[in-house]
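Take a look at the structure set out below.
Derivation of every value follows stated rules applied to the coordinates shown; laboratory data play no part. Note that the coordinates shown come from a computational prediction; the quantities given were computed from them, not determined experimentally. Heads up, the Cβs are rebuilt from the backbone with ideal geometry, glycines too, and the neighbour counts pull from every protein chain shown.
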Amino acid sequence: MVAQAHTAQQSAALLELKNIQKWFGGVHALRGIDLTLQPGEAYHLLGENGCGKSTVIKIMSGAHPPTSGEIVLDGETFASLTPIQSLAAGIETVYQDLSLLPNLTVAENVALNEQLVNANGRLARLFDRKRLRETAARALAAVSLPTDRAFLNTVVSDLPLASRQLVAIARAIATRAKLVIMDEPTTSLTRREVDNLVRVVERLRSENVAVLFVTHKLDECYRIGGHAVVFRDGQCVAQGPIENYTKKELAELMTGRSIDAQRYRTGEPSGAVLLEVDRLVTDGVREASFSVKRGEILGITGLADSGRNELAMALTGVVPATGGTMTLDNKVISVRTPAGAIEQGIGYVPEDRLAEGLFLDKSIFENEIALIVSRLANSFGIVDRDKGREIAAHLSEEMRLNTKNLDLPAGALSGGNQQRVLIGRWLSIAPRLLVLHGPTVGVDVGSKDTIYRVIQTLAESGMGLILVSDDLPELLQNTDRILVMNSGRIITELEAAQATEDQLYKAMLATTTENVQ
């Protein structure tokens, strides 16, 4: 319906890219990209990690100049844009890493761009605080975040990841934008928050603002409607109305191979209980009790404030439990720190690989052996690097990493390969239990397929796995059972093979087991 409202507004293009080429050293990242964006339309930029999506939006936002080609903005031709030129022209970007300033307040992060553009990139020591608060409050309200003084004055680093993501989106719509670019805007958002974001997009389009999504979540693309733009290997291989393509067709266009949306889980738990959790209590969790068998994949889900994240952190010692017991292999254990969890054979792949997981400036090799350096060192503290490289090479092969160069920095890898490095690091300790928190956040369809197959192989080897996620298809495809949390409690358990997305979502919104049918 929204798309129909804008069919008459296709006269003048807002932004055109003409034969854009981009080289990074010997890497040909973009190979002749032609793209036209119209006011009031939604575009979904799809493709595997490393196909050129992030590079093209950085060219639009002025972060990178193209090697050759032309950018036509509001009828004016440029060889490249600066960030200030891009902002002044009404192009606002939400990057995958959010690019927020963690030491500044919510209000300052949301509304600073407006005054930065007005000052042509040179802010005075004093700026208009009153206008800052007004602009921030208006934008925060649009994404259903609080607008009270306490929240406006909250330092961004104190917010959970989902709230930070919404703050970054609020910043993008705070000014009179003409084009809003969102790079993986829903990676940490629950379905309810995504519903709100869809309404924000509809409002932007009704105001003749163009919206460009870089995303891997096809369901959200179909809900929003608009145009699909598919990249593969630095080239645009397809463009057109998204309703003209099936999910299977889009996946094949992105990867160059056939990927079916099948259920990955085919194995069975061994029957022996590996982990027993009895009335576990921590901040945000009230008396959680459950068990995990050897070779079982247990799913845990819920809304952002359900307690699912806190439960994952309590199980792995990131935030120690304040009550209850954990029994692993028939032995009561106390997990007070991540190091203590590792000693017990419990691994934890965190939700935010960039801030909490990887050492981005360190090599693949250094990242892979980070947890076992002490085991590789002799009595003089000298690390056996040859043995370390042998282990890192094995882990990279096990995780099907798309490079054999272990000296590459982790920050140079695509999101999918970064996630494989992070999971591989935790396999280095040979855990008995592995907790995976959002294991495919910001990961393309091809890498998801690889990671899911690795997870199934780990379960078949007898490892117990806990998959904490709000990606409902991910849970239904990969787990044996799914626990649904609400208000700090486990309120229901569903068999994954028989459950549906609607059943899960209804349970996530319920407050007691009596509400779940």
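Here are the numbers:
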read-out: Loop GluC sites (Glu not before Pro), the range 148-236 (other Cβ atoms within 10 Å of the site Cβ: 11 or fewer; DSSP); value: none
read-out: Calculated diffusion of the chain, Stokes-Einstein form, Kirkwood radius summed over Cα pairs, 10 °C and 1.306 mPa s, µm²/s; value: 65
read-out: Residue-by-residue Karplus 3J(HN,Hα) for the range 434-447, coefficients 6.51, -1.76, 1.60, Hz, glycine and proline x; value: 10, 9, 10, 9, x, x, 10, 5, x, 10, 6, 5, x, 5
read-out: Relative contact order of the chain, defined on C-alpha pairs under 8 angstrom at six or more residues apart (%); value: 15
read-out: Neighbour-count ranking [beta-carbon atoms within 10 angstrom, fewest first] of Ser80, Ser363; value: Ser80, Ser363
read-out: Globularity index of the range 271-415, i.e. its alpha-carbon radius of gyration over 2.2 N^0.38 Å; value: 1.22
read-out: Space enclosed by the convex hull of the alpha-carbon atoms of the range 196-307, per residue, Å³; value: 171
read-out: For the range 116-243, fraction of C-alpha pairs farther apart than 22 Å, in %; value: 44
read-out: Inter-site label distance for Thr457 and Arg138 at 7 Å from Cα along Cβ, in nm; value: 5.4
read-out: Ile491 long-range amide H proximity, modeled H, under 5 Å; value: Val484, Met485, Asn486
read-out: Sorted largest first, extent of the range 348-430 alpha carbons per principal axis (Å); value: 37, 24, 24
read-out: Share, in percent, of DSSP beta bridges within the chain that are antiparallel, nearest 5; value: 55
read-out: For Leu30, residues with placed amide H under 5 Å, excluding near neighbours; value: Lys22
read-out: 3J(HN,Hα) from dihedral phi, the range 217-226, Karplus parametrisation 6.51/-1.76/1.60, rounded to Hz, x for glycine, proline; value: 9, 5, 4, 5, 4, 5, 5, 6, x, x
read-out: Whole-Hz ³J(HN,Hα) from phi, Karplus 6.51 cos²θ - 1.76 cosθ + 1.60, for the range 398-412, glycine and proline x; value: 4, 8, 6, 5, 7, 7, 9, 7, 6, 8, 5, x, 4, x, 8
read-out: Ranking of Arg265, Arg203 by count of other Cβ atoms within 10 Å, fewest first; value: Arg203, Arg265
read-out: When the convex hull of its Cα atoms is projected in every direction, mean area for the range 395-517 (nm²); value: 8.5
read-out: Residues whose placed amide H lies under 5 Å from that of Phe213, excluding near-sequence neighbours; value: Tyr43, His44, Leu45, Met182
